[in-house]
2 protein chains.
Amino acid sequence: MSKKIVIVGGVAAGPKAACRLKRLQPSWDITVVDQDSLISYGGCGIPYYVSGDVAEETALRSTSFHAVRDEAFFENAKGVTVLTRTKALSIDRKAKKLKVENLQTGAQSELNYDKLLLATGSKPFVLPIPGADLDGVFTIADLHKAIEIKRRIAGGKVGKVVVIGGGAIGIEMAEAFTDLWGIETALIEFMPQLLPRIVDAEFAAMLKKHLIDKNVAVYLSEGASEILGNSEGKAIAVKTPQRTLEADLVIMAAGVRPRNELAKEAGLAIASGFGGIVVNSRMQTSDPDIYAAGDCIATRHLVTGKQAFAPLGSLANREGRVAADNMAGYATTFDGVVGSFIMKAFERCIAATGISYETAVAEGFDADYSLTAPADRAHFFPNTAAVILQMVFDKRTRRVLGLQAFGAMNDSISARIDAAAVLISKGAVIEDFSMAEMAYAPPFSSAIDSLNAAAFVADNICAGLLRKVGVARFLAWMEDFNREPDWLALDIRHAKDAAILVEKFGNEKWLSVPYPEVRARLAEIPADKTLIILCDAGTRSYEVQVFLDHAGKRNSLVLSGGFNVLRRIGAGWLGK
Amino acid sequence: MSKKIVIVGGVAAGPKAACRLKRLQPSWDITVVDQDSLISYGGCGIPYYVSGDVAEETALRSTSFHAVRDEAFFENAKGVTVLTRTKALSIDRKAKKLKVENLQTGAQSELNYDKLLLATGSKPFVLPIPGADLDGVFTIADLHKAIEIKRRIAGGKVGKVVVIGGGAIGIEMAEAFTDLWGIETALIEFMPQLLPRIVDAEFAAMLKKHLIDKNVAVYLSEGASEILGNSEGKAIAVKTPQRTLEADLVIMAAGVRPRNELAKEAGLAIASGFGGIVVNSRMQTSDPDIYAAGDCIATRHLVTGKQAFAPLGSLANREGRVAADNMAGYATTFDGVVGSFIMKAFERCIAATGISYETAVAEGFDADYSLTAPADRAHFFPNTAAVILQMVFDKRTRRVLGLQAFGAMNDSISARIDAAAVLISKGAVIEDFSMAEMAYAPPFSSAIDSLNAAAFVADNICAGLLRKVGVARFLAWMEDFNREPDWLALDIRHAKDAAILVEKFGNEKWLSVPYPEVRARLAEIPADKTLIILCDAGTRSYEVQVFLDHAGKRNSLVLSGGFNVLRRIGAGWLGK
């Protein structure tokens, strides 16, 4: 028996669900409504369209075989009706009708449904500050805005941009402006770090340095208090409590919120706090005939067990598929997310899955972390680069809670993050990571894969074999030796690398004993100070710590990640 | 209480175990013996040393901080004694003594042990054919051989090379000779495909075409019957039943065998068949005081449950660590392998994990596979390439048994293979792959990740929604239409792409109806023939099959992977 399905939203989850449903139930009547004229596009590609990496906006809404996904395409190729420029006004749950308005004509009508899917997506958060509505202030809300931004840039009228918001979209937009168009770009973030709640401070600091190296001005702990305009109503600057930044264009990338108005008015259950539509694992809302999928829902975080907001195109597609399956009577489930995240930032890749150390502590885990700096492939292979990995785990249960990575812009980080994500989603413990069978050949990995190595270090920490000092605490000491008066840096790198620091700080604070000489020169190493052992990656420091412990000098701490991390964060005393 | 540990073998598992053990038990006395003078090297890097990618052999036996790992390094930095040029002759298990010979002096002596570790590795299989001992015939056995091969090439004396064996090492060596040195290289393989038992025939065929495109002559189903020499005892040609191939250098890469003589003579349990030393998951042999790790052991295949031989540097390192842990009284386990494999071949990457379809059938699984050709990142992103993925699964249990991949030479395949490997090792089913949370951003993946997509197709096959034809069967039909007289190719690509084949074969065998026109032109599609639906990747073909089924034309088969696979395998009728 044929059924009528109505889907609200035509960007990601909606079209995906519509097409899957039509394949599962070819005789059903499926209608998608969207208030926009442009549908079924890759919103995540907008920064690459603005940068010029993607030449035409149509590429973002075409199939891989260059067919534009418009109404005619859905009608002819998919057998799905799409009504664009059609706004969903309200749901009559009792009568199972959706009231809609044709935005072109203003005419209102009703669509009957057997099952309704809400794929209403998210909307950018607009800061409630003066000037937010000036000409030249853009959110990254839809393709129209992206087209207009690119039009203005390509017209040569944009010399300076201020991006408000240091999340993924803000950073990607900053790269697009700086890298491809040479625009003077400033990025301001209200929180004290980039990518807040996604990565830990050290990773955000490495990313920040890279952005600065690439000529993006980055201001942290600075909120925009006002956008200033000229007499023509055009934005000309962004004010923060600390400064005024000139701007021909302002990008407001301060996060997104679920579009939940329709659901809320219809009395469906809504998650408190961020406001996602509550669904079960089969994507059903509190009304069994209404489903929801995509950026508008509340999903479950598989590590914390809490409700989570995870607006991402990849999840929207999978949620849309599960919604379609269940509407068609084919029971599949979407059980939640571990929060996998990856982004390109100029010549670097930064990624995370699970939760950060900061979050793990806040969530009450008995949290600790291993911070390592292995090579991204066999160290003897050409063009090998160090990758910085942080594995977060619970010391009591040994469960791995998260992984963060920062490295060169290639896919090697994907491999570690993706393997970690599937393990974390299964509740895996450190041993599962120690023994993860990563495919090995020198062009792709080290014989001891970086993921295995991170777990080995985590295991050593749990076993009490490795005692470490955090990067932040070490850097604070370097700013003021009086903070930890009994500390002494034991630099076990090659003597020539250590020499400049020994000269700068003196043997009292900076002692050089190269790694292969430690056993022979044990007597030179003081027993009455807390030794901070430093090398390039932290591995040799750990070996030296074990040796010193055995020799009775049990007062050392390893600087995790070593100079590989320090150099990527940067500090005046390090020199260039 | 200090213990004496003796380790036989100083390449991978041995040194790894020695160093780990020294860290766990710093007061123990650890001695490694090796008959070679060069130790602790990355044997997997030999092809890259020969090619010149790695300039010096010392790079293969140095740390990432450029310290050469020789006897002095192990003594000074690690506190481990290494006796090189020392051959282990026999084990006196009762007295717990290892008899050794100093190969320099001929002097024999005995080493007492509390625990003994056998890390004797593997040895190349030397074909029992005439001429195998001629000058210029090399196995890739150790660094000395690699140094000599490179010396001869660099001396300009090598114009032609024959490589015997189409496994990973043979192919890597063929690339090294051809790509960097411009040597005329022929590769012969006794079996009818490259990488036998590792990948299925279609994947081997794609690899073969790429090797041929890169000027490697490839001869399959041809065994070397004799190596011919000149009057000076130098190899000059390789004979097969079909031809004689000139050669200034012959590489014998016909696989490796465990070095098990010492264990065998000592009466330790040995796996029947390939002869690996039998160990439990804590790497203990049948003598509880003797451990074994690395290429010399028999491990367990986690998919088949059978004993397996898995000689790989990455596994050797992890096995060595587990052996050390357990010798130190720290219980960890190495539970087995899923057989992850990856290699670079010129501009391509080929990889596999788990078991192939052919193996799955032979093992008695209710096996099937999905063959897909998704993009390796968002299709609108610059430099996107298709990757060919094959997911092998059991239809009854829905367990995923394996994954194979062939694509461009970057790390994107690592991500899918590594995520698959950890899932397969956990006994994951298709749904686990459908919902694997691969980190998404356009520079790294598609919104629907290729791994998810492969699982979606597998799910559709299990649900009976997708009926497919294998590539081999289709190619056979293209050679002789009489094999399947009622078949008709339904080419749903753009009309311009199909035109040349319609012209060549006529509408009776090759019908062009572009994908967006199928619904409108349904009447043109015959109902009395078996339609073989073809597109670029197989995705649109599936949609058309669903539509035709619904329209009552239920006699179609989808060509999995479509032209993306066909073009990579190549065929005369395809042109170019």
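Of the residues making up the range A:212-243, those that are under 17 Å from A:Thr178 (Cβ atoms) and either buried (at least 23 other Cβ atoms within 10 Å of the Cβ) or among the β-branched types (Val, Ile, Thr) (or both) number 4.
Taking the criterion of being of a type in the set (Phe, Trp, Tyr), within 7 Å of chain B (Cβ to nearest Cβ) and buried (at least 22 other Cβ atoms within 10 Å of the Cβ), the only residue of the range A:38-68 that qualifies is A:Tyr48. The set of residues from the range A:395-410 being closer than 26 Å to B:Gly45 by Cβ and open to solvent by 10 Å² or more (accessible area, probe 1.4 Å) comprises A:Ala408, A:Met409, A:Asn410.
Among A:Ala308, A:Ala298, A:Ala324, A:Ala316, which is under 17 Å from the mean Cα position of the chain (by Cα) and open to solvent by less than 10 Å² (accessible area, probe 1.4 Å)? Lay out the reasoning, then the answer.
Numbers: A:Ala308 fails: open to solvent by less than 10 Å² (accessible area, probe 1.4 Å); A:Ala298 fails: under 17 Å from the mean Cα position of the chain (by Cα); A:Ala324 fails: under 17 Å from the mean Cα position of the chain (by Cα).
Result of the check over A:Ala308, A:Ala298, A:Ala324, A:Ala316: A:Ala316.
Output the residues belonging to the range B:124-158 that are out of contact with any strand residue (DSSP E or B) (no Cβ under 6 Å at 6 or more places or on another chain) and on the phi > 0 side of the Ramachandran plot. Across the range B:124-158, the qualifying residue is only B:Gly156. When A:Glu363, A:Glu261, A:Glu246, A:Glu358 are screened for being away from chain B (no Cβ under 14 Å), open to solvent by 40 Å² or more (accessible area, probe 1.4 Å) and in contact with a strand residue (DSSP E or B) (Cβ under 6 Å, 6 or more places away or on another chain), only A:Glu246 passes. Restricting B:Ala345, B:Ala331, B:Ala271 to those that are open to solvent by less than 30 Å² (accessible area, probe 1.4 Å) and within 14 Å of another protein chain (Cβ to nearest Cβ) reduces the list to B:Ala345.
The listed residues are B:Ile164, B:Ile129, B:Ile147, and the only one of them that is among the aliphatic types (A, V, I, L, M) and in contact with a Leu (Cβ under 8 Å, 6 or more places away or on another chain) turns out to be B:Ile164. Within the range B:93-116, no residue that is within 20 Å of B:Trp28 (Cβ to Cβ) and at pLDDT 95 or above sits with its Cβ atom under 6 Å from a residue that is of a type in the set (A, V, I, L, M, F, W, C) and open to solvent by 60 Å² or more (accessible area, probe 1.4 Å) at 6+ positions apart or across chains.
Can you say whether A:Gln284 is in contact with a helix residue (DSSP H, G or I) (Cβ under 9 Å, 6 or more places away or on another chain) and polar (S, T, N, Q), as far as the supplied structure shows? So A:Gln284 fits the description; yes. For B:Arg568, the conditions (1) away from every other protein chain (no Cβ under 14 Å); (2) open to solvent by less than 10 Å² (accessible area, probe 1.4 Å); (3) within 22 Å of B:His379 (Cα to Cα) all hold with the exception of (2).
For the range A:217-264, give me each residue that is closer than 30 Å to A:Ala88 by Cβ and not hydrophobic (A, V, I, L, M, F, W, C). Within the range A:217-264, A:Gly255, A:Arg257, A:Pro258, A:Arg259, A:Asn260, A:Glu261, A:Lys264 meet the criteria. If B:Val471 satisfies all but one of (1) closer than 27 Å to B:Thr384 by Cα; (2) among the β-branched types (Val, Ile, Thr); (3) surrounded by fewer than 19 Cβ atoms within 10 Å (Cβ to Cβ), what's the number of the condition it fails? All conditions are met except number (3). In the range A:366-406, the qualifying residues are those that are out of contact with any Pro (no Cβ under 8 Å at 6 or more places or on another chain), touching a residue at least 60 places away in the same chain (Cβ under 8 Å) and more than 17 Å from A:Ala458 (Cα to Cα), and the one that is farthest from the other protein chains (Cβ to nearest Cβ) is A:Phe406. Of everything in the range B:381-409 that's in a loop (DSSP other than H, G, I, E, B) and touching a Lys or Arg at 6+ places or on another chain (Cβ under 9 Å), which residue is farthest from A:Gly427 (Cα to Cα)? Top of the filtered list is B:Asn383.
Got at least one residue in the range A:338-356 being modelled with pLDDT of 95 or more, in a helix (DSSP H, G or I) and under 19 Å from the mean Cα position of the chain (by Cα)? Explain how you work it out, then say what you get.
Keep residues of the range A:338-356 that are modelled with pLDDT of 95 or more, which gives A:338-356.
Subset that is in a helix (DSSP H, G or I): none.
Checked the range A:338-356: no residue is modelled with pLDDT of 95 or more, in a helix (DSSP H, G or I) and under 19 Å from the mean Cα position of the chain (by Cα).
The rows are residues; the columns are (1) more than 28 Å from B:Asn410 (Cα to Cα); (2) in contact with a helix residue (DSSP H, G or I) (Cβ under 8 Å, 6 or more places away or on another chain); (3) of a type outside the set (Gly, Ala, Ser).
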{"residue": "A:Leu401", "(1), (2), (3)": "yes, yes, yes"}
{"residue": "A:Asp418", "(1), (2), (3)": "no, yes, yes"}
{"residue": "A:Leu423", "(1), (2), (3)": "no, yes, yes"}
{"residue": "A:Glu437", "(1), (2), (3)": "no, yes, yes"}
{"residue": "A:Tyr440", "(1), (2), (3)": "no, yes, yes"}
{"residue": "A:Ser446", "(1), (2), (3)": "no, yes, no"}
{"residue": "A:Ala455", "(1), (2), (3)": "no, yes, no"}
{"residue": "A:Asp459", "(1), (2), (3)": "yes, yes, yes"}
{"residue": "A:Glu479", "(1), (2), (3)": "yes, no, yes"}
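Remark: pairs (first residue in the range A:117-132, under 13 Å from A:Asp34 (Cα atoms); second residue acidic (Asp, Glu); Cβ separation under 7 Å; 6+ apart in sequence or on different chains) = A:Gly121/A:Asp295.
Among the candidates B:Asp335, B:Asp325, which residue alone is in contact with a strand residue (DSSP E or B) (Cβ under 8 Å, 6 or more places away or on another chain) and not in a strand (DSSP E or B)? Working first, answer last.
Details: B:Asp325 fails: in contact with a strand residue (DSSP E or B) (Cβ under 8 Å, 6 or more places away or on another chain).
After ruling out the rest, the residue left standing is B:Asp335.
Kindly evaluate B:Leu465 against the criterion of being more than 14 Å from chain A (Cβ to nearest Cβ) and either part of a strand (DSSP E or B) or out of contact with any Phe, Trp or Tyr (no Cβ under 6 Å at 6 or more places or on another chain) (or both). No; evaluated as a whole, the condition is false for this residue.
Scan the range B:72-82 for residues that are out of contact with any Gly (no Cβ under 9 Å at 6 or more places or on another chain) and crowded, with 19+ Cβ neighbours inside 10 Å and jot them down. Give the derivation first.
In the first step, residues of the range B:72-82 are kept if they are out of contact with any Gly (no Cβ under 9 Å at 6 or more places or on another chain); the result is B:72-73, B:75-81.
Those that are out of contact with any Gly (no Cβ under 9 Å at 6 or more places or on another chain) and crowded, with 19+ Cβ neighbours inside 10 Å: B:Phe73, B:Ala77, B:Lys78, B:Gly79, B:Val80.
Here the condition is being more than 10 Å from chain B (Cβ to nearest Cβ) and buried (at least 23 other Cβ atoms within 10 Å of the Cβ); of A:Ala476, A:Ala421, A:Ala454, it holds for A:Ala454 alone. Considering the range B:479-511, and only residues there that are within 14 Å of chain A (Cβ to nearest Cβ) and assigned to a loop (DSSP other than H, G, I, E, B), the residue that is most open to solvent (accessible area, probe 1.4 Å) turns out to be B:His494.
Out of the range B:512-557, which residues are aliphatic (A, V, I, L, M), outside any helix (DSSP H, G or I) and open to solvent by less than 20 Å² (accessible area, probe 1.4 Å)?
Let us first name the residues in the range B:512-557 that are aliphatic (A, V, I, L, M), namely B:513, B:518, B:520, B:522-523, B:525, B:527, B:531-534, B:537, B:544, B:546, B:548, B:551, B:557.
Checking the rest, the ones that are also outside any helix (DSSP H, G or I) come to B:513, B:518, B:520, B:525, B:527, B:531-534, B:537, B:551, B:557.
Within the range B:512-557, B:Val513, B:Val518, B:Ile525, B:Leu531, B:Ile532, B:Ile533, B:Leu534, B:Ala537 meet the criteria.
Quick grid of which residues meet (1) away from every other protein chain (no Cβ under 14 Å); (2) farther than 24 Å from A:Leu262 by Cα; (3) hydroxyl-bearing (Ser, Thr, Tyr):
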{"position": "A:Lys4", "(1), (2), (3)": "yes, no, no"}
{"position": "A:Ala18", "(1), (2), (3)": "no, no, no"}
{"position": "A:Gly79", "(1), (2), (3)": "no, yes, no"}
{"position": "A:Leu103", "(1), (2), (3)": "yes, no, no"}
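Is it the case that A:Ile153 is over 17 Å from A:Val33 (Cβ atoms), modelled with pLDDT under 95 and surrounded by 17 or more Cβ atoms within 10 Å (Cβ to Cβ)? Judged against the criteria, A:Ile153 is a match.
The values are calculated or read from the model by the stated rules, or taken from the named source; none is laboratory data. Just so it is clear, the structure is predicted and the values come from calculations on it, not from any experiment. Here the Cβ is made from the backbone with ideal geometry for all residues, glycine too, and neighbour counts use every protein chain on show. The accessibility values were calculated without ligands, DNA or RNA, using every heavy atom of the protein model including side chains. Shrake-Rupley method; radii C 1.70, N 1.55, O 1.52, S 1.80 Å.
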